[in-house]
Each structure stands twice: as C-alpha cells, then as structure tokens.
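Structure record follows, encoded as structure tokens.
The values are calculated or read from the model by the stated rules, or taken from the named source; none is laboratory data. Given the structure is predicted, the values throughout are model-derived calculations rather than measurements. For neighbour counting, all protein chains shown are included, and Cβ atoms are generated from backbone atoms with ideal geometry for every residue, glycine included.
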Amino acid sequence: QNEKISDQEKVENKTPSQPAVFIPVDRSPEIQEARLKLPVLAEEQVIMEAVRENPCVVICGETGSGKTTQVPQFLYEAGYASGSEIIGITEPRRVAAVSMSHRVAKEMNLSTRVVSYQIRYEGNVTSDTKIKFMTDGVLLKEIQKDFLLQRYSVIIIDEAHERSVYTDILIGLLSRIVPLRNKKGMPMKLLVMSATLRVEDFTDNTKLFRTPPPVIKVDARQFPVTIHFNKRTPMEDYTGEVFHKICKIHRMLPPGGILVFLTGQAEVHNLCRKLRKAFPYRKGNTTTDEDEETSETMRKFKKAKQKKTSLPRIDLDNYSALPVDEGDEDREAGIGDEEDEGSDLDIGDDPASIEEKADPSIPLYVLPLYSLLAPEQQAKVFRPSPHGTRACVVATNVAETSLTIPGIKYVVDCGRVKKRFYDRVTGVSSFRVTWTSQASANQRAGRAGRTEPGHCYRLYSSAVFGDFSLFSEAEITRRPVEDLVLQMKDLNIDKVVNFPFPTSPSAEALVAAEQLLVSLGALKEPPRTGRVKEMEQARLSCPITPLGRAMASFPVAPRYAKMLALGRQQDCLPYVIAVVAAMTVREIFEDLDRPACSEDESSKLIQRRARLTQMRRLWAGQGASLLLGDLMVMLGAVGACEFAGCTPKFCEENGLRYKAMVEIRRLRGQLTNAVNAVCPEVGVFVNPKMTPPTEHQVVCLRQIVLAGLGDHLARRVQAEDILDPKWKNGYKTPLLDDPVYIHPTSALFKTLPDFIVYQEIMETTKMYMRGVSAIEAEWIPELLPQYCHFGSPLESPSPWLCSSTGTIKCHRSSTFFRVGWQLPAVEM
Ligand code: ADP
Ligand code: MG
C-alpha cells in the first residue's frame with residue numbers, strides 16, 4: 001500500500017503556490033527499498049499538500065516512522081531548497097542533529113556539503129548547504145541575528161514532544177515569524193513534528209496559532225508488544241535487577257535484539273562491563289569488543305595526557321582536544337540533557353562479582369548508547385550484530401525517541417530517568433533519578449515492536465506504573481527562568497508575559513526573573529513613579545541594557561554572567577572564569593561527611609578527612625585571600641590541580657572529583673571563548689596554569705562576586721542582638737525569617753565575617769550556606785544600591801537587612817567610602 005508516487009505525478013499534482021521545481025534525487029536501490037517500508041512515505045502527498053496550503057503543519061508519528069529522515073527529503077524534492085533558501089531542521093539533542101544529517105545525506109546520495117549540521121561550536125555547513133540540521137539553541141541564536149530567518153524557506157521543529165525549553169520558545173517565536181514573512185511576501189513554512197499525539201499545547205493554543213494548524217497522523221507500523229510487569233519493585237539496586245533480567249532473556253528466549261533503558265552514562269558502562277564478562281564475544285578470537293572500546297578510551301586519555309605534558313602553556317584550542325569535548329550536556333545553550341550528568345572515563349575493572357552463572361555459549365554483542373558516545377561507536381547500533389550473536393544495546397533515554405535501533409525484540413525498562421531539579425527558593429539545580437512518565441514508559445516499550453511482535457520487561461510493578469505521571473511536564477515549568485527571560489530580552493521581546501509559550505512559566509517565576517535581571521543591571525530599571533497600573537506594566541517589560549546583551553552571550557546563569565562581564569578589570573578575568581566554572585559544576589570536592597562502612601574504614605576516613613580539611617585550608621590561604629572564602633578554596637583547587645596536570649591520581653589524593661575538574665577545564669575554555677567573542681579586541685588568553693591572585697586582585701574578586709551574588713547577601717547577627725539562642729553564629733538574609741549558618745566545611749566557618757555572600761543554601765540538619773565569601777559593609781551601598789533603602793545616618797547601625805521589605809537599610813555615611821586605602825574600583 002506504500003506505493004511510491006511517481007515523479008511525474010508529483011509534478012502534475014503541484015498547485016500554483018507550490019515552488020515550481022521538482023528536484024530529483026538519485027537514491028540507491030537499497031535505500032529506496034528501505035524508504036518504501038516507512039509509514040511516513042504513505043503520507044507524503046497528504047503532508048506536502050498540507051504544507052502547501054497552510055503556513056504551519058503538525059506531524060505526529062511514532063518513533064521510527066520516518067519523520068526526521070524523510071520529511072526534509074519531501075521538501076527538498078518539492079523544491080523548497082531550489083532557490084537561495086534552505087530547509088532547516090532543529091533537534092533538541094546534538095546527537096540527533098549530527099547523526100540525522102549524516103543519514104539523510106547518505107539516503108539522498110548527497111555530500112555533507114549539501115546536507116549539513118550545525119551544533120554549538122561545530123558544524124559542516126557550506127555555501128552549498130540545502131538541508132541544515134541544527135540544535136534548537138543554534139536556531140535561537142540565528143533568530144537573534146536575523147529575526148525573519150530569511151535564509152530559510154521551511155523550518156522543521158523536530159522532537160517537539162520532548163518539550164525542551166528552547167524548542168518551546170522556538171515554536172512561540174516562529175508562530176510570529178511565519179505570518180510576518182508571509183505578510184512581507186517572503187512565504188515561509190513551519191512544520192512541528194512530534195512522536196506523541198499529545199499536541200494540544202501547540203494546536204489548541206489560540207495565543208500561539210489563531211487558526212489551529214492541521215495535524216497529520218502517521219500510522220505506526222507497530223507489532224504488538226507484550227508488557228511484563230515485575231511483581232515487586234526494586235528500590236535500590238535496580239541495575240542489578242536489569243542484569244539478571246538480561247541474563248534470563250538471553251538464556252531462555254528466542255533470538256532477537258535486547259534494548260535496555262538506564263538513566264545515565266556511568267550505569268550504561270557498568271552494565272556493559274558486567275554483561276561482556278558474563279557472555280564474552282570474541283571477534284576473530286583476538287580482541288573483544290570491549291578491548292576495542294577500552295583501547296579507544298585509553299587512546300584518547302593518552303592523547304590528552306601527552307598534550308598536557310608536552311605543552312606547558314595550553315592555548316584555547318586545546319580545550320576541544322580534551323576527552324570530554326563538547327561537554328556532557330547534550331542540549332544547547334546550557335540547558336542540560338537530562339541523561340548524562342557526568343562523563344565516565346573510569347575504565348578500571350568492575351570489582352562486583354558476577355553472580356549469575358550464565359551460559360556463555362551464545363555471545364552477547366553488547367553496545368552502549370548515550371549522547372556523549374563517539375559517533376563511530378554510536379553508528380554500531382544501526383548495523384546488524386555479528387553472525388551467531390545476540391545484540392544488546394544498553395542505552396539512556398536517547399533511544400527513547402531520538403534514535404531508532406533496528407532489530408529489537410526485547411526491551412528492559414528500569415522505569416527511571418535522570419532529571420534536573422531546581423529549587424525555587426535558592427535556584428539550585430541538581431540531577432536526580434526519578435520515575436519516568438507513563439508516556440515515556442510506553443515509548444520505551446514501543447521500541448520492541450518495530451520488526452516483529454516483541455516483549456517489554458518493566459522492572460517495576462503495575463501499581464507503581466499506575467502512579468507515574470501521565471506525561472513528562474514541559475521543562476519550562478520546573479526551572480527558574482531568569483536565563484531564558486534574558487535570552488528573550490536579547491531578542492527584543494520585552495513583554496515576556498505576553499509571549500506565546502506553548503506552556504507558560506508561572507507568573508511568579510517571570511516576575512522574579514525580571515526583578516533579578518533588573519537588579520543585576522541586565523535590564524533597564526522601570527520607572528518608580530507614575531500610575532500604579534502603568535508602573536505594573538513597565539515592571540514586566542523592561543528592555544535590555546548593553547550589559548545585559550553581553551551577559552546574554554555567556555552560557556551561564558545571569559548571576560555568573562554578571563561576574564564574567566565585570567571580570568576584565570584588574571586582570572581578574574582568568575580568576576573570575578575559573579571561579580564561575582567551578583561554581584557552575586556540581587560539587588568539585590569529594591564528600592567528607594560520607595559515613596564509614598566498617599570500623600576499619602572509619603579510622604581511615606577520619607585520617608583522610610583531617611588531611612583533606614588541611615588541604616582545603618591551604619588552598620584558602622591566609623589574610624586577604626581567606627576572605628574570598630570558599631571561592632578561594634575553589635580557585636586554589638583549580639590552580640593546584642592544573643599545576644599537577646589534572647590527573648585522576650592528584651584528584652583522588654586531594655579529595656577532588658576528577659570528572660568535575662575535567663569539566664571545569666572545558667568550561668574555562670568555553671567561557672574564555674565567549675568573553676573573547678564579546679570583546680575581541682581584548683583577546684583574553686587563559687593559561688590553565690594560573691599564578692595565585694595578588695591581594696589586590698582578591699579584593700577585586702570579592703567585589704565582583706558581590707556584584708553577581710548581591711541577592712545572596714547575609715549579615716551575621718551581632719551578639720547584643722541575640723534574643724533566641726538559635727541565632728548564635730547565625731546569619732540573617734533578606735528573604736528568610738530563620739537563621740542560616742556557615743557550613744562546617746567552609747573556609748570561613750571559624751572566621752564568621754559580618755557580611756557574606758553565598759552561592760546556595762542547602763537544608764540538611766540546619767540551613768547551611770555554601771560557597772561563602774566575605775564582603776565589606778562599605779561596598780554594599782556602592783555596589784548594591786538597587787537593594788538599599790537609604791535612610792538617615794542616625795538610624796540603626798547600617799547596613800541592616802530588613803526581611804519585611806526584603807531590602808537592605810543603610811545610609812551613605814562617609815565611613816562607607818574608601819577609608820584608608822583605595823579600593824580597586826569596579827565599574828558597574
Ligand atoms: P522518526 O523520526 O519518525 O522517529 P527516523 O526518520 O528517525 O524516524 O527513522 C526512520 C528509519 O530510518 C528508522 O526506522 C531507522 O531504522 C532508519 N534509520 C535512521 N537512521 C539510520 C541510520 N543511521 N542507519 C540506518 N538506518 C537508520
Ligand atoms: Mg525523529
């Protein structure tokens with residue numbers, strides 16, 4: 001029934017609004033045959049007709065139905081790239097952008113000069129490019145340069161069901177750009193493609209589209225999948241359970257590939273290692289696949305090491321040659337891919353014994369699959385497994401919708417997903433493993449029925465499944481939005497509240513974001529006088545400032561971007577970059593509070609803790625540098641680690657997380673590039689081996705930190721003010737009624753300065769501030785006037801944090817201005 005429409009028919013079918021040309025494509029017979037099996041081919045005519053007649057079209061179809069690979073080809077053949085305009089496709093994940101561009105080039109028998117990709121910092125786009133795959137972040141940046149996207153005749157937003165923040169914003173923007181282009185006589189089309197049928201957020205949203213766009217459903221060629229629930233739900237060692245299940249399937253069930261869903265890269269590697277041990281596969285009796293991959297990792301490692309030792313001064317280009325190159329966040333513009341929270345270069349042997357006595361007579365061809373995996377390794381999953389073996393792909397949720405793996409009959413689903421969580425109060429984010437949604441679990445199960453009837457083994461009970469949320473919520477609703485608001489203001493979208501979000505962030509979140517950005521100087525301050533209603537309006541539509549534009553170009557949160565923007569003063573930039581990189585990476589130090597497993601270990605742990613605490617004290621330095629507090633410790637750690645060549649051994653000995661240090665190094669390179677792009681004439685060069693900052697620079701750094709973290713200010717409660725003993729050694733913040741404390745591991749735990757800024761508040765037994773730096777009271781009115789309520793000098797001791805108004809009461813007394821010696825001035 002999937003008859004191919006003849007080329008002649010296509011030409012005849014065209015209507016006047018269709019581009020005049022039909023561009024033939026010379027495909028190989030094998031490709032042609034494979035294409036014809038794809039359900040989307042049956043809908044080609046319907047899709048193209050809808051595209052001709054409507055500015056916007058939504059296409060829904062199961063993963064594997066051929067949307068990503070075929071729809072761009074339909075458009076190409078219909079002449080949408082025949083003039084000077086090109087076809088653009090956005091993907092939320094870098095993996096998909098790269099691998100799909102290669103696949104489509106191959107299918108169309110065209111070079112990668114014509115079918116190209118662009119991801120942040122990397123791409124192969126040329127002047128011949130006709131079809132361009134890119135990440136959503138890349139297109140967003142292009143809109144900043146050319147709002148009408150004049151290069152494009154069509155934009156396809158792929159994987160819209162993922163509801164990534166940038167995809168959502170793009171749909172909102174394009175809902176305005178497309179009519180504008182049509183009005184100007186430069187017609188443009190928008191296609192939104194989704195793997196689920198839940199598209200009401202796009203179609204039934206009158207803010208977005210005045211007339212709902214047509215939805216074309218592509219039937220899935222889906223065979224039945226039998227779902228098997230576990231009787232009980234393992235809470236702790238679910239990866240162990242996954243291993244047992246695979247062993248059972250492999251030993252007892254008929255041939256057919258196995259696809260396993262885990263939550264992150266480290267889990268994937270551990271399971272691969274265990275499986276390869278249990279069911280070894282030997283290629284030509286010489287090397288196993290594991291050796292191959294291990295040696296690949298080793299090779300990269302060695303290469304990186306060589307670079308490090310033979311080049312004492314590392315220039316910026318060297319960052320891209322490090323093992324963790326593009327970073328472990330697969331999504332663009334600093335929004336994390338939620339599956340890969342860390343790189344896993346640990347290639348040591350797995351000490352865990354293999355309890356399962358497997359019959360190793362049929363080898364298992366084990367392949368890992370996750371975003372950061374090298375493309376050559378990823379490509380292996382598309383090839384048939386070697387004769388006489390069973391394929392077993394161990395994947396993160398990239399295999400859920402972005403990539404389709406052929407030949408899968410069994411799916412093993414751990415039911416979990418790694419997600420980024422944000423704390424609304426502190427803005428702190430963390431990765432946590434949680435249950436996935438019912439929609440995701442069903443997507444995963446669907447992977448088993450692509451070529452024949454299949455089975456899905458869910459390692460949780462049906463009761464637990466019943467408690468899953470129906471759909472994963474849009475990312476935009478569960479994170480603070482100041483970075484996003486800043487990006488939109490940079491696009492001159494001043495009234496962010498009016499923006500046609502497919503799902504809008506909460507009004508409070510938007511207000512909070514706007515306020516923070518105003519106080520950071522990224523947005524113009526709204527007028528303080530006038531009619532209430534007008535002021536209210538103005539408060540929510542502040543335009544961006546030049547400082548805000550610079551900040552918007554840095555791939556970090558606005559508070560840190562502010563620090564980077566100020567960092568060039570007094571030659572502080574390399575230090576600011578290092579501190580920002582260290583603060584952006586989750587926890588650079590090993591957890592010293594880890595409980596011991598045995599008595600023997602306990603004494604060793606106590607020794608180790610003592611040593612590491614001493615090490616941190618050394619890094620904190622004394623006198624002036626100590627006042628930079630925990631940020632000085634971070635700076636010291638980064639500096640010391642670089643001097644030692646950033647080795648796993650050095651990190652282990654000094655209580656640093658190796659992965660974190662590698663990531664900091666990468667980020668330093670990236671941030672330096674970003675700063676250089678803003679101010680090319682200055683051309684900062686970051687030598688990884690920094691010398692420690694001078695006392696003068698440390699003072700400047702503390703001011704810069706204050707300028708960025710101004711809303712995270714805390715004042716020590718003075719002894720004479722303590723009425724309740726809980727306030728002993730406690731600090732007052734503008735927003736919290738209860739005391740917060742400096743964490744015992746902090747460099748300033750004993751110093752207890754009067755005024756500090758903190759990076760975050762963590763609530764454990766008490767509310768503890770982490771990442772603490774001391775600041776001087778007299779800097780507050782100078783550097784944070786926006787938070788200050790200036791009173792008369794006779795009022796209470798100044799500055800005073802007032803929790804009823806959330807402001808700082810203070811007065812500009814002469815004593816607050818540069819007493820004694822000149823402070824390095826920070827231009828604001
Ligand atoms: P969708 O976007 O609807 O999920 P795709 O267009 O990504 O579907 O994939 C369609 C088919 O093309 C899949 O079934 C898959 O088998 C095949 N395919 C995709 N990428 C490759 C590749 N790199 N190598 C071989 N086959 C591929
Ligand atoms: Mg797709």
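What number of residues within segment 771-790 satisfy the criterion of being at pLDDT 90 or above and either among the charged types (D, E, K, R) or not in a strand (DSSP E or B) (or both)?
Residues that pass the stated criteria total 2.
Every residue in segment 486-503 that is within 23 Å of the chain's Cα centre (by Cα) and free of Cβ contacts under 8 Å to residues at least 24 places away in the same chain, please.
Residues satisfying the conditions do not exist here.
Can you name every residue in segment 41-69 that is near ligand 2 (Cβ under 10 Å from one of its atoms) and assigned to a helix (DSSP H, G or I)?
Correct list: Lys67, Thr68, Thr69.
Pairs needed: first member in segment 172-184, without any contact (Cβ under 8 Å) to a residue 60 or more places away in the chain; second member anywhere, assigned to a helix (DSSP H, G or I); C-beta distance under 8 Å; at least 6 residues apart or different chains.
Pairs that qualify, where the first residue is without any contact (Cβ under 8 Å) to a residue 60 or more places away in the chain and the partner is assigned to a helix (DSSP H, G or I), are Ile177/Ile143.
If you check Ser111 against the conditions, is it among the hydroxyl-bearing types (Ser, Thr, Tyr), without any contact (Cβ under 8 Å) to a residue 40 or more places away in the chain and out of contact with any Lys or Arg (no Cβ under 8 Å at 6 or more places or on another chain)?
It is true that Ser111 is among the hydroxyl-bearing types (Ser, Thr, Tyr), without any contact (Cβ under 8 Å) to a residue 40 or more places away in the chain and out of contact with any Lys or Arg (no Cβ under 8 Å at 6 or more places or on another chain).
Which condition does Gln118 not pass, out of (1) part of a helix (DSSP H, G or I); (2) surrounded by 19 or more Cβ atoms within 10 Å (Cβ to Cβ); (3) more than 16 Å from ligand 1 (Cβ to nearest atom), if it passes all the others?
So the condition that Gln118 fails would be (1).
This table checks each residue for (1) surrounded by fewer than 16 Cβ atoms within 10 Å (Cβ to Cβ); (2) within 16 Å of ligand 2 (Cβ to nearest atom); (3) modelled with pLDDT of 80 or more; (4) under 30 Å from Gly708 (Cα atoms).
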{"position": "Ser361", "(1), (2), (3), (4)": "yes, no, no, no"}
{"position": "Tyr370", "(1), (2), (3), (4)": "no, no, yes, no"}
{"position": "Arg390", "(1), (2), (3), (4)": "no, no, yes, no"}
{"position": "Ala395", "(1), (2), (3), (4)": "no, yes, yes, no"}
{"position": "Trp435", "(1), (2), (3), (4)": "no, no, yes, no"}
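The rows are residues; the columns are (1) within 16 Å of ligand 1 (Cβ to nearest atom); (2) closer than 23 Å to Arg93 by Cβ; (3) not polar (S, T, N, Q).
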site	(1), (2), (3)
Leu148	no, no, yes
Val165	no, yes, yes
Pro179	no, no, yes
Pro187	no, no, yes
Leu190	no, yes, yes
Ser194	yes, yes, no
Phe202	no, yes, yes
Arg210	no, no, yes
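Looking only at segment 67-91, which residues are more than 11 Å from ligand 1 (Cβ to nearest atom) and touching a strand residue (DSSP E or B) at 6+ places or on another chain (Cβ under 7 Å)?
Once the filter is applied, which keeps residues that are more than 11 Å from ligand 1 (Cβ to nearest atom) and touching a strand residue (DSSP E or B) at 6+ places or on another chain (Cβ under 7 Å), segment 67-91 yields Leu75, Tyr76, Tyr80, Ala81, Glu85, Ile86, Ile87, Gly88, Thr90.
Among the helices (runs of 4 or more DSSP H) contained in segment 518-611, which hold 2 or more residues that are among the β-branched types (Val, Ile, Thr)?
Hits in segment 518-611: 573-584.
Restricting attention to segment 626-638, which residues are crowded, with 24+ Cβ neighbours inside 10 Å, small (Gly, Ala, Ser) and in a helix (DSSP H, G or I)?
Ala637
Tell me, yes or no, whether segment 710-730 has at least one residue that is over 31 Å from the mean Cα position of the chain (by Cα), under 29 Å from Ala610 (Cα atoms) and of a type in the set (A, V, I, L, M, F, W, C).
yes
Within segment 690-706, can one find any residue that is in a helix (DSSP H, G or I), among the basic types (Lys, Arg) and touching a strand residue (DSSP E or B) at 6+ places or on another chain (Cβ under 8 Å)?
Taking every residue of segment 690-706 in turn, at least one turns out to be in a helix (DSSP H, G or I), among the basic types (Lys, Arg) and touching a strand residue (DSSP E or B) at 6+ places or on another chain (Cβ under 8 Å).
I'm checking my understanding of the structure. Among residues of segment 400-415 that are of a type outside the set (Val, Ile, Thr) and within 16 Å of ligand 2 (Cβ to nearest atom), which one is surrounded by the fewest Cβ atoms within 10 Å (Cβ to Cβ)?
Among those that are of a type outside the set (Val, Ile, Thr) and within 16 Å of ligand 2 (Cβ to nearest atom), it is Pro406.
Residues in segment 214-229: is at least one surrounded by fewer than 21 Cβ atoms within 10 Å (Cβ to Cβ), more than 16 Å from ligand 1 (Cβ to nearest atom) and farther than 30 Å from Tyr457 by Cβ?
Yes - at least one qualifying residue is present in segment 214-229.
Can you name the residue in segment 227-255 that is closer than 30 Å to Gly61 by Cα and within 34 Å of the chain's Cα centre (by Cα) and, of all such residues, is modelled with the lowest pLDDT?
Ranking the candidates gives Asn230 first.
Out of Ser99, Ser84, which single residue is more than 16 Å from ligand 2 (Cβ to nearest atom) and surrounded by fewer than 24 Cβ atoms within 10 Å (Cβ to Cβ)?
Ser84
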